[in-house]
């Protein structure tokens, strides 16, 4: 990485930490490497959200919900919420937005009138054909290829990072996306969709 700073280029007062040697290098160098990696994860998620908005007009959670309905078949809102690890209120709001776009419709079960099933329209099926692979699917496939000890190491490291950022108590769902999951606004400037402003 040609643009990475060496330990002697880093301002020792920038992070208000003591100068400690870590394997012959300043600990500040390691801090900057971690922050750069975190920034890349955030930017990758943001850029993918913009790409989805540009190509489909949908958010990542909306695409994931459509895919879940397609894959599960006849499914209730409660089953969708369980499958996606989201609250029923969030799923209902996302479904409301998709229904307004005429991508889903809800129908009461003939066998059990208490149950309401979500179904995809033909327009939704066409949208899913051309939709990019969700970023978390790409991650999940590569994560599944890792050795169990590598998976455990990544989980514990990221949990520790969340704790260090005082973020362990923030309510979150397993969806790689920026912003609230049930948001409506998918408008992005098309020309800026892949411009990295770092």
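Extents of the stretch 49-108, taken as max minus min of Cα coordinates on every principal axis and listed largest first, are 32, 23, 21 Å. Only Cα sites of the stretch 85-165 enter the Debye sum here, all with the same form factor; the resulting log10 I(q)/I(0) across q = 0.23 1/Å is -1.11, listed in q order. A Förster radius of 30 Å, combined with the Cβ-Cβ distance separating residue 164 from residue 72, puts the computed FRET efficiency at roughly 0.20. Here residue 155 and residue 96 are evaluated by their C-beta separation; at R0 = 45 Å the FRET efficiency comes out at 0.85.
With one equal scatterer per alpha carbon and no solvent term, the Debye-computed log10 I(q)/I(0) for the stretch 43-198 at 0.10, 0.19, 0.20 1/Å reads -0.43, -1.27, -1.34. Using R0 = 35 Å, the C-beta based FRET efficiency linking residue 81 and residue 30 works out to 0.30.
Bear in mind that the values in this text are calculations on the coordinates, not laboratory data. Given the structure is predicted, the values throughout are model-derived calculations rather than measurements. Cβ atoms come from the backbone with ideal geometry, glycine included; neighbour counts cover every protein chain shown.
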